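K.L.:
My structure is below; once you've seen it, I'll send some questions.
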Amino acid sequence: MGYDVVVADNLETGHRAAVNDKAKFYQGDVRDKEFLIKLFQAEDITDVIHFAAFSVVPESMKDPLKYFDNNTYGMIALLEVMNNFDVKHIIFSSTAATYGEPKQIPIKETDPTVPTNPYGESKLAMEKIMHWSDVAYGIKFVALRYFNVAGAKSDGTIGEDHNPETHLIPVVLQTAAGQRDKLTIFGDDYDTKDGTNVRDYVHVEDLAEAHRLAMEYLRDGNDSNIFNLGSSNGFSNKEILEAAREVTGKEIPAEMGPRRPGDPSTLIADSSKAREVLNWKPQYDDVHTVIKDAWNFKIKHMNGYED
Ligand SMILES: NC(=O)c1ccc[n+]([C@@H]2O[C@H](COP(=O)([O-])OP(=O)(O)OC[C@H]3O[C@@H](n4cnc5c(N)ncnc54)[C@H](O)[C@@H]3O)[C@@H](O)[C@H]2O)c1
Ligand SMILES: O=c1ccn([C@@H]2O[C@H](COP(=O)(O)OP(=O)(O)O[C@H]3O[C@H](CO)[C@@H](O)[C@H](O)[C@H]3O)[C@@H](O)[C@H]2O)c(=O)[nH]1
């Protein structure tokens with residue numbers, strides 16, 4: 001859309017091949033202030049979109065300090081360097097995991113934030129650090145609380161590739177592709193329509209557009225703000241499995257397993273604030289399309305970006 005883009009990533013879970021050729025790429029760690037200072041000296045940065053983080057809920061339960069170090073400390077280092085270079089806009093990948101077990105569905109931005117896992121806690125702390133950096137240094141932020149991001153770029157060129165993969169839809173599709181023997185659904189004794197967890201899946205292309213709108217919102221001189229980003233539809237884990245069977249035409253063997261520690265029962269967004277304030281108009285509300293796009297990426301990249 002005509003923006004000049006600089007990407008910084010340590011490639012710990014990311015892939016060089018996922019970076020568009022038109023963007024400049026710097027390999028380095030967001031916690032490394034020397035690296036950031038060199039980057040901010042070399043490039044004329046006006047706005048920062050901060051995605052870098054660890055984001056696997058069960059891993060954060062086992063190793064919380066890894067999450068507070070990479071995520072929360074990473075934010076401190078970044079804001080310090082932004083402040084030194086007088087960069088005043090940051091768009092941040094926050095998460096539905098900041099809410100914890102919701103008191104009401106759909107979840108509004110004003111609802112209580114009581115994370116049930118260290119990952120969500122690390123991100124909530126990052127939001128608070130941005131708030132106080134706004135008060136003290138005038139760095140304006142938009143925290144985008146993503147619900148479950150899924151799908152792939154609709155032309156099949158960019159998609160999810162984690163090793164090991166833990167997210168439900170790509171795990172289901174690895175099973176459909178014969179790369180796993182079976183799917184294990186983590187718990188069927190929740191207080192939901194069929195006993196399995198319910199999540200709100202938002203297409204990655206809709207999510208990307210919300211970032212552009214959030215950046216323009218800050219460029220227009222608006223105040224710091226927090227927005228939910230979800231499709232506002234809830235699908236149970238069993239429903240995702242059934243939808244994936246329909247999309248792929250594969251049997252997809254599955255079994256029930258025990259609950260996964262740290263999982264809230266149901267997460268569904270009220271995204272009306274993003275629609276009203278950012279004028280966000282998500283194009284995808286059908287989970288079949290989300291799964292179809294993820295499957296399209298999968299069959300073109302059976303081994304991820306190695307293909
Ligand atoms: N996928 C989801 O459903 C979801 C939902 C809510 C929030 N989020 C957030 O969105 C962001 C992107 O998530 P994703 O699913 O694409 O995960 P991902 O692991 O694919 O992407 C994270 C990227 O950050 C990089 N990174 C991590 N730590 C870094 C560091 N210290 N320095 C430099 N680069 C670093 C990784 O190499 C990777 O490219 C994360 O902040 C995550 O918490 C994701
Ligand atoms: O093999 C699997 C993998 C997942 N699940 C379940 O599928 C659901 C979704 O899990 P997952 O895809 O791992 O996502 P979440 O744990 O819901 O977390 C995602 O969504 C959060 C916001 O809702 C983000 O903050 C996180 O970064 C992102 O990973 C949960 O009920 C899991 O228990 C299974 O049953 N079997």
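K.L.:
At 25 °C and 0.890 mPa s, grab the translational diffusion coefficient of region 6-300 from Stokes-Einstein with a Kirkwood Rh over Cα pairs, rounded to a whole number in µm² per second.
P.N.:
Values: Rh = 19.8 Å.
For these conditions, the coefficient is 124 µm²/s.
K.L.:
Another question about this same structure. Rg(Cα) of region 1-144 divided by 2.2 N^0.38 Å?
P.N.:
Working: Rg = 15.7 Å, N = 144, 2.2 N^0.38 = 14.5 Å.
Cα Rg divided by the expected 2.2 N^0.38 Å: 1.08.
K.L.:
Rounded to the nearest 10 Å², what accessible area does Arg219 have for a 1.4 Å probe in the complete protein model?
P.N.:
110
K.L.:
When the accessible area of the chain is computed with all protein chains present and a 1.4 Å probe, what percentage of it is carbon and sulfur?
P.N.:
50
K.L.:
Something else about it: Would you tell me the accessible area of Ile268, worked out with a 1.4 angstrom probe on the heavy atoms of the protein chains, in Å² to the nearest 10?
P.N.:
30
K.L.:
Using the Cα centre of region 116-208 as origin and beta-carbon charges of +1 (Lys, Arg) and -1 (Asp, Glu), tell me which of Phe147, Thr192, Ala208 is placed farthest towards the positive end of the dipole.
P.N.:
Ala208
K.L.:
If you don't mind, another one. Name the long-range amide H neighbours of Ser94: under 5 Å, sequence gap of 5 or more, or other chain; modelled H, no Pro or chain starts.
P.N.:
Leu144, Arg145, Tyr146
K.L.:
Compute the angle between helix 33-42 and the longest alpha-carbon principal axis of the chain, please, reported from 0 to 90 degrees and rounded to the nearest 10.
P.N.:
Roughly 70 degrees, rounded to the nearest 10.
K.L.:
Whenever you get a sec, line up Thr196, Thr289 from highest to lowest accessible area (probe 1.4 Å, protein heavy atoms). Intermediate values should be presented prior to the final figure.
P.N.:
Numbers: Thr196 0, Thr289 40 Å².
From most accessible down to least: Thr289, Thr196.
K.L.:
Given an 8 Å cut-off on Cα distances and at least 6 residues of separation, report the relative contact order of the chain as a percent.
P.N.:
Once normalised by length, the contact order is 21 percent.
K.L.:
Between 0 and 90 degrees, rounded to the nearest ten: what's the tilt of helix 287-300 against the longest Cα principal axis of the chain?
P.N.:
Roughly 80 degrees, rounded to the nearest 10.
K.L.:
Would you mind checking the tilt of helix 204-219 against the longest principal axis of the Cα atoms of the chain, expressed as 0 to 90 degrees and rounded to 10?
P.N.:
20
K.L.:
Continuing with this model, one more query. Can you tell me the relative contact order of region 80-203? Whole percent, Cα pairs under 8 Å, sequence separation 6 or more.
P.N.:
Relative contact order here is 23 percent.
K.L.:
Next question. Rounded to the nearest 20 debye, what is the charge dipole size of the chain about its Cα centre when +1 sits on each Lys and Arg Cβ and -1 on each Asp and Glu Cβ?
P.N.:
60
K.L.:
Largest first, what is the accessible-area ranking of Thr184, Thr13 with a 1.4 Å probe?
P.N.:
Largest to smallest exposure gives the sequence Thr13, Thr184.
K.L.:
Going through the cross-link list Lys108/Lys128; Lys153/Lys298; Lys238/Lys292; Lys103/Lys281; Lys182/Lys292, which pairs have a Cα-Cα distance over 22 Å in this structure?
P.N.:
Among Lys108/Lys128; Lys153/Lys298; Lys238/Lys292; Lys103/Lys281; Lys182/Lys292, the Cα-Cα distance tops 22 Å for Lys103/Lys281.
The values are calculated or read from the model by the stated rules, or taken from the named source; none is laboratory data. Because the structure is a prediction, the values reported are computed rather than measured. Ideal geometry is used to build each Cβ from the backbone, glycine not excepted, and the neighbour counts take in all protein chains shown. Just so you know, the surface numbers come from the protein's heavy atoms only, side chains and all, with ligands and any DNA or RNA stripped out. Shrake-Rupley method; radii C 1.70, N 1.55, O 1.52, S 1.80 Å.
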